1. Please go through the range A:95-132 and give me each residue that is in a helix (DSSP H, G or I) and not hydrophobic (A, V, I, L, M, F, W, C), ordered by number.
2. Regarding B:MET255, is this residue modelled with pLDDT of 95 or more and within 10 Å of another protein chain (Cβ to nearest Cβ)?
3. State yes or no: is A:LYS109 out of contact with any Lys or Arg (no Cβ under 6 Å at 6 or more places or on another chain) and surrounded by fewer than 16 Cβ atoms within 10 Å (Cβ to Cβ)?
4. Are any residues in the range A:418-439 touching a helix residue (DSSP H, G or I) at 6+ places or on another chain (Cβ under 7 Å) and modelled with pLDDT of 95 or more, and if so, which ones?
5. Which residue out of A:ILE212, A:ILE185, A:ILE177 is more than 24 Å from A:LYS109 (Cα to Cα), in the same structural domain as A:PRO83 (by TED's automatic domain parsing), in contact with a helix residue (DSSP H, G or I) (Cβ under 8 Å, 6 or more places away or on another chain) and in contact (Cβ under 8 Å) with a residue 40 or more places away in the chain?
6. With within 14 Å of chain B (Cβ to nearest Cβ) and assigned to a helix (DSSP H, G or I) as the only criterion, which of A:ALA162, A:ALA151 stands out?
7. Select, from B:LYS99, B:LYS128, the only residue that is of a type in the set (D, E, K, R), away from chain A (no Cβ under 14 Å) and part of a helix (DSSP H, G or I).
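The values are calculated or read from the model by the stated rules, or taken from the named source; none is laboratory data. Note that this is a predicted model, so its numbers are computed, not measured. Virtual Cβ from ideal backbone geometry, glycine too; neighbours counted across all protein chains shown.
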Amino acid sequence: MRSPVLKRIRVVISTLVFICFFLLFVDIRSILPANYSDIVLFLQFVPSLLRFHDLGTLAAAGFLIVLLITLFTGRTYCSFFCPLGIGQDLFSRIGGRIRRKFRRYGYKKPFTIIRYSILAITLIFTMIWGIFMLTLLDPYSIFGRFMTYFAKPAVLVLNNFAAGILGKFDVYTLSNIPVKGYPLISYSIPAFFFILVGILSLTKGRLYCNMICPVGTLLGLLSKVSLFRLKFDKKACTRCGRCALGCKSSCIDFLKHDIDVSRCVDCFNCINICNEKAISYGLVNLKKRNHETDESKRKFVAGSIMLMLGLPHISYGQEKKAPKPKKESTVREEKSCPVCPPGGGGIEDFSKDCTACSLCISACPNGVLQPALTQYGLAGMMQPVMDYHKGFCAYNCTVCIDVCPTNALRPMVLEAKKLTQIGKAIFIKDNCIVKTEKTACGACSESCPTKAVHMIPYEGNLVIPEVTDNICIGCGHCENSCPTVPYKAIFVNGNPVHLAARKPENVESEIKTPVDFPF
Amino acid sequence: MKRRDFFKKSVGAGLATGAALSMGGYDKLWASSPLVSAARYDMVAVMGGNPDAMFDLGIQELGGISTFVKKGQKVLIKPNIGWDVIPEMAANTNPFLVKRIIEHCFKAGAKEVYVFDHTLDNWVNSYKNSGIERAAKSAGAKVVPANSESYYHQIEIPGGVKLQSAKVHQLLLETDVFINVPVLKNHESTKMTCCLKNTMGIVWDRKYWHSNNLNQCIADYALFEKKPALNVIDCYNVMVKHGPQGVSKEDVVQMKSQILTTDWVAGDAAAAKMLGLPVEKVEYISIAHKMGLGNINLDSMNIKRIKM
């Protein structure tokens, strides 16, 4: 096939995919249906792989489809379905507009050692120490962090500006949504990658995908045995070199009539660029291909896939650095254990599966999920942690669980979530307004959805909080609403392993339906 | 003009317009003063009907809603929408009641009716699951967000003991008539929440109230000059324990009642009796009475009691 339609199809599909991902992360008014994220995220390679390992169902087998697609068509995934890849194409276009030079790529030698080393290190690191390298390098998670830390706040600012103007005209269809920032240091990783990926894609096309991205490298290996590829018609070619100049992957050596399939992302630009129609996309000559294959490379590809599949199993046996509860203190709210989101099962369980794509942080309607700094240990940096100073976990909400693509937060129905104890409230009497000021407060008990925090008689007419911790679910509404500063009088200490809370018991009231006015 | 320049200029112009708009003053808003009631009774209490039917009857006894709402006026209806729970839990004002009041307002010629609450749970879900958003919109009211500090304006409360200033929702200042529509509930700390405590959903910084003598702050706020023209207390389903949020339906008792009054302190005093509470047990009511903000001596008042 040498039709210009191929490129057009690529542009249309990738644009749609990009818009879908953009909407997924900046859904500021929570209007997307609950299964939207499942559909959009189905084909994402790393999340799907992790999810498949956890669930083992075909519903989570998107990565297998990606592997199949790659075996048939080469790295089409990188051009059609990877949001980070599509975003880079967008940047490359912008780069070309800024300076024409940026869009004249030309053939370059591959960074063989660098890219295979990164792939190998990622695999080995993930097997031995846990998920941190994947967290850093999974392209979907990188994209997710760009959206969460840069795109969504920008959309919020625009929204608030528009809402402000509409409000002046008495129209409230848009509402002001406060932009809550994250700890400054948590921007460092996304910012670093944004600069790296941004500069590379502005000036060098898909160099990031072909030098650093481990998913790109892995699929590149696999596409060396793919059935469909781009190929030269040597008779028609005039060796003008326009294809090589226009190749984002810098993988066309037009003098030798060679296209490096391990780097080609099937963008099909070359087909359209070639005036002589000398480049086409089609079934590879099988005889010739057998000639070119290298047994050792095949073994490596097969080995890599086996390793990827087996890796989470191997990592089970490893010692984790999840924090263990220390001795509890009284006056200062000192958490001995962070609180990880419901569905995580426990800190260790959760942090080994989460690649910090930050979708849950973006999607949380109450802003309680914040990127962890060192709460889960350094390897758990950027993974979501409950911050009850910023928000609380809404009793009727399972949004984070619903959107999690890697199954780090496992599916859980609302009724089960309402009985999952992710932490326990601890009351510090010496900080409490009722004791220090001798005035009424009760903000904590007011907010408690299970009445685990309730008021008991204190001095005179006053009442003071008390916690029944077996019905507390650790939602943190009490901590969030406690007005004392700088230390709260009530806070939630995380459960290292989530427990089951008891259902709050309730009895009929003694007050009955009145038959007459009591006044 | 180059395309790039055009974009630069249009963005600049847009920003300037926005900035100019946001600097508009609120001086003109003080044109109307609080209403002096011309109602026939100080209080009307109705029992035995549905929330909307009880309101129809009660407001008729007070001379119709036109006693309070004049043609062309903007009305603020402030229900309790604090919690993300279904109407049967009675943590929020009954949506049928809210809807009926809005309909009466428009019938009397109101130009616009607004509804908001500064919720404790997520505001989008609270507005939705309380049933109030849909009910209010179906009656033609504007349901307005109150989730961001940008909607609030600083006001002074001269004479406040603990609360001398607060940030209140701009629509309280922009509207001509304020109708307070609380739901009566038990409250574990202040014993009861009703008319006066419903104002905590008008202000931005509730934590200040909680940490500076909550009961005094509740009473202090009632000094603010923009007072409700009418209070409609929803006692249809009443949360008698585990308030103000409730745990399950066992906390709710059906009382099928409603209290309409122009005196919100009196309204709270009557409501306390519905809960079986001695009025002096609810500290902020006694404080408000002593500050001269209303009357707790129900015996001295002209009360109309109706059973349907």
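1. Filtering the range A:95-132 down to residues in a helix (DSSP H, G or I) leaves A:95-98, A:100-103, A:112-128, A:132.
Listed by number, the residues that qualify are A:GLY95, A:GLY96, A:ARG97, A:ARG100, A:LYS101, A:ARG103, A:THR112, A:ARG115, A:TYR116, A:SER117, A:THR122, A:THR126.
2. Numbers: modelled with pLDDT of 95 or more: yes; within 10 Å of another protein chain (Cβ to nearest Cβ): yes.
Considered against the rule, which asks whether it is modelled with pLDDT of 95 or more and within 10 Å of another protein chain (Cβ to nearest Cβ), B:MET255 comes out as yes.
3. Details: out of contact with any Lys or Arg (no Cβ under 6 Å at 6 or more places or on another chain): yes; surrounded by fewer than 16 Cβ atoms within 10 Å (Cβ to Cβ): yes.
So A:LYS109 passes the test.
4. Answer for the range A:418-439, where residues must be touching a helix residue (DSSP H, G or I) at 6+ places or on another chain (Cβ under 7 Å) and modelled with pLDDT of 95 or more: just A:ALA425.
5. Working: A:ILE212 fails: more than 24 Å from A:LYS109 (Cα to Cα); A:ILE185 fails: in contact with a helix residue (DSSP H, G or I) (Cβ under 8 Å, 6 or more places away or on another chain).
Of the residues listed, the single one that is more than 24 Å from A:LYS109 (Cα to Cα), in the same structural domain as A:PRO83 (by TED's automatic domain parsing), in contact with a helix residue (DSSP H, G or I) (Cβ under 8 Å, 6 or more places away or on another chain) and in contact (Cβ under 8 Å) with a residue 40 or more places away in the chain is A:ILE177.
6. On the way: A:ALA151 fails: within 14 Å of chain B (Cβ to nearest Cβ).
Unique residue meeting the criteria: A:ALA162.
7. Numbers: B:LYS128 fails: away from chain A (no Cβ under 14 Å).
The match here is B:LYS99.
Every residue, every condition in (1) in contact with an Asp or Glu (Cβ under 9 Å, 6 or more places away or on another chain); (2) on the phi < 0 side of the Ramachandran plot; (3) modelled with pLDDT of 95 or more; (4) of a type in the set (Phe, Trp, Tyr), yes or no:
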site	(1), (2), (3), (4)
B:LYS207	no, yes, no, no
B:LEU230	no, yes, yes, no
B:ASP234	no, yes, yes, no
B:MET239	yes, yes, yes, no
B:LYS249	yes, yes, no, no
B:VAL265	no, yes, yes, no
